[in-house]
1. Using only the Cα atoms of the chain, what do you get for the radius of gyration and for Dmax, in Å?
2. Tell me, what ³J(HN,Hα) does each residue in the range 169-186 have, in order and in whole Hz, if you take phi through Karplus 6.51 cos²θ - 1.76 cosθ + 1.60 with θ = phi - 60° and put x for Gly and Pro?
3. Compute the FRET efficiency between ILE189 and GLU339 as 1/(1 + (r/R0)^6), taking r as their Cβ-Cβ distance and R0 = 30 Å, and round to the nearest 0.05.
4. Would you mind counting up the charge near LEU45? Only other residues with Cβ under 13 Å from its Cβ, with Lys and Arg at +1 and Asp and Glu at -1.
5. At THR133 and CYS432, where each label point lies 7 Å from the Cα along Cα→Cβ, what is the point-to-point distance in nanometres?
6. Helix 95-105: angle to the longest alpha-carbon principal axis of the chain, degrees 0 to 90, nearest 10?
7. With every protein chain left in place, what is the accessible area of ARG161 in Å² (1.4 Å probe, nearest 10)?
8. Give me the net charge of GLU84's neighbourhood, meaning all other residues with Cβ under 15 Å from the Cβ of GLU84; Lys, Arg count +1, Asp, Glu -1.
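The values are calculated or read from the model by the stated rules, or taken from the named source; none is laboratory data. Keep in mind the model is a prediction, meaning the values are calculated, not measured. Heads up, the Cβs are rebuilt from the backbone with ideal geometry, glycines too, and the neighbour counts pull from every protein chain shown. For accessibility, only protein heavy atoms count, side chains too; no ligands or nucleic acids. Shrake-Rupley method; radii C 1.70, N 1.55, O 1.52, S 1.80 Å.
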Amino acid sequence: MNQLSSSKSGPLDGTITVPGDKSISHRSLIMGTLAVGESKISGLLEGEDVLGTAEALKALGADIYKDNTGIWHVHGVGISGLREPGKPLDMGNSGTGVRLMMGLLATHPIEVTFSGDPSLSSRPMKRVTEPLTLFGAAFTGSEKDTLPITVKGARMPIPVRYELPVASAQVKSAVMLAGLNTPGRTTVIEKIPTRDHSERIFDYFGVPIELNGDEITVTGQVELQAKDMAVPADPSSAAFLVVGALITKGSDITINNVGINPARTGLFTTLIEMGGKIDFNNLRQECGEDVADIRVRYSNLKGVDVPKERAPSMIDEYPVLCAAAANADGETVMRGLEELRVKESDRISVMVKGLKSCGVNVTEHEDGMTVRNSVTKGDATIETKLDHRIAMSFLVLGLNAEKPITVDDGAVIETSFPGFVELMNSVGANICP
Ligand code: S3P
């Protein structure tokens, strides 16, 4: 619990990079573990969530280490090569980590217990245990289907055809990963598209994968060859700098090497519709992912109605969009966000409460919120509820507030964005303990 406060800041200015993509980092470590041989990963996010996945994979038999040039090495054990760890796997704060690992282990004949911090232990796991049971895995734990949960992987996994009841890349990926050690074809049907990093990285590592309309089919028990990965910078982390620059007078920053997979760029689309000056330069592809350098300048923003269909492509970005919306003319309506209530915190109620305490005009809806143009008074302390994105969003809001905004727990930012405060301050933000 380290309190952090942000106060009115001068222009944000400079060229920077933000840490690696969290989704791609988890998946790189997992795929490297399932491949035969050595995979080298550059740009891996060294946040607590991803380091937790690395520890879990090590306990399952992978040899994973970082060399003195910053490159991570993964010596894989091959599909079906995982061994039973001698201890429960603590997945900390990470929903992605635990759900992907449950998928992976559901079709390995070993028994593993997963635990997590109080935030993760209150999040729904039935969304993964239900489809994974169809493969033949058994789950025991609390009746509410929350952690701690013990998975007993299927000895003779059965291929599955499963239609996702919620738009969730984590659930989709859990089923796809379970399909890797299952003979035959496993199909996930996804009516509402979500981030497709698993599809891209499966293809990159040589998994036979077919994309047919809304169906994703993987063929299991195929040997994967080790590959080198370059993880792009996380657009969800870049988002805090982007919004910070848009709302801070005179700002002009460039963030290099950011992932711009179209399934992740809903926030940028929305901010451009709001009048944000955001340019994508030097567009390129790396290891199957789209990448660009992003220039952002201070802009006069106006409120918009964010289309509900856009939610999956910006699901982690609504908290920071609130900071942009408070600084935009008119009102910004955000709907269709039931999933926000089961993230690291209930992000709708936590944001609404915190915004109100900062003097921002906001209305809560069951499925979202409406934020109106406001003079952000600040002079408030925000309860972050073990939620990194809540902490960072309020620190961004504080850059253009009359009085400082304090978050009660800055330590939680380490889960996804190590070095956040130093990086923000290096371009001109005023954030201090
Ligand atoms: C993620 C998917 C999203 C997102 C999370 C990372 C992933 O969750 O919120 O931060 O890496 O697959 P859902 O798939 O549950 O929406």
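1. 21.0, 62
2. 5, 5, 5, 3, 5, 4, 5, 4, 5, 4, x, 5, 10, 10, x, x, 10, 10
3. 0.95
4. Around LEU45, the charge tally is -3.
5. 5.5 nm
6. Its long axis makes an angle of about 10 degrees.
7. Accessible area, nearest 10 Å²: 150 Å².
8. +4
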